[in-house]
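These notes are about the structure you will find just below.
The values are calculated or read from the model by the stated rules, or taken from the named source; none is laboratory data. Fair warning: this is a prediction, and the values are worked out from it, not measured in the lab. Cβ coordinates were reconstructed from backbone atoms using ideal geometry, including for glycine residues, and neighbour counts include every protein chain displayed.
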Amino acid sequence: MSFNKIYNIREHNDLTQKELASIIGGNRVSISNWENNKEIPNINKANQLANYFDVSLDYLFNLTNVKNYSDNKKVNIERTIAGNRLKEFRKENNLTLNKLAKELHTTPSTISAYENGKTLLLTAFAIEICRKYKASMDYLYGKKDNK
């Protein structure tokens, strides 16, 4: 999985890794690890990047070449919205908790915790769901209202 768009966006905006880390409240090592595909940014940091650079999460994670959607919102990610949308997505795709858990190599109780807003859906799981089912990460996390 490549996050070269983070590098490209940062370079296009003439920012150093240290400057970008300061903007999003992170550290230079994390930025470097993202750009070198050693780590996946957590969704809150990815959302800060998307909001700051006015790009979609889908674009940031190479799910689309569309930089931004007209209905995208600059919002903070909320567990309950993401959970409700994950549950909606699962039901629309006729997936049981067990089947989705198996596809993501996790447990049904973990999926249930996401859906009930107890914990925030992991970025890696969201990427896998969006790639496999052609879903929008921006929709899944509540940054836009249209699928």
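Things to note:
- Qualifying residue in segment 34-46 (condition: outside any helix (DSSP H, G or I), surrounded by 20 or more Cβ atoms within 10 Å (Cβ to Cβ) and in contact with a Phe, Trp or Tyr (Cβ under 6 Å, 6 or more places away or on another chain)): yes
- Within segment 49-86, restricting attention to residues that are surrounded by fewer than 19 Cβ atoms within 10 Å (Cβ to Cβ) and of a type in the set (D, E, K, R), the residue that is nearest to Asn146 (Cα to Cα) is Asp71.
Residues checked against (1) within 16 Å of Gly142 (Cβ to Cβ); (2) touching a Pro at 6+ places or on another chain (Cβ under 9 Å); (3) among the charged types (D, E, K, R); (4) at pLDDT below 95:
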{"residue": "Arg28", "(1), (2), (3), (4)": "no, no, yes, no"}
{"residue": "Ile40", "(1), (2), (3), (4)": "no, no, no, yes"}
{"residue": "Ile43", "(1), (2), (3), (4)": "yes, no, no, no"}
{"residue": "Asn68", "(1), (2), (3), (4)": "yes, no, no, yes"}
{"residue": "Arg79", "(1), (2), (3), (4)": "yes, no, yes, no"}
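- Cβ separations smaller than 7 Å between residues 6+ apart or across chains give the following pairs from segment 28-44 residues that are on the phi > 0 side of the Ramachandran plot to residues that are surrounded by fewer than 15 Cβ atoms within 10 Å (Cβ to Cβ): Asn37/Met1; Asn37/Ser2.
- If only residues of segment 10-21 that are among the hydrophobic types (A, V, I, L, M, F, W, C) and surrounded by fewer than 20 Cβ atoms within 10 Å (Cβ to Cβ) are counted, the one that is nearest to Leu121 (Cα to Cα) is Ala21.
- Whenever a residue of segment 12-23 is of a type in the set (S, T, N, Q), its partners that are part of a helix (DSSP H, G or I) and surrounded by 12 or more Cβ atoms within 10 Å (Cβ to Cβ), lying with C-beta atoms within less than 6 angstrom and at least six residues away or across chains, give the pairs Gln17/Arg28; Gln17/Ile31; Gln17/Ser32.
- Ile24 meets each of the listed conditions (1) surrounded by 15 or more Cβ atoms within 10 Å (Cβ to Cβ); (2) within 18 Å of Asn146 (Cα to Cα) apart from (2).
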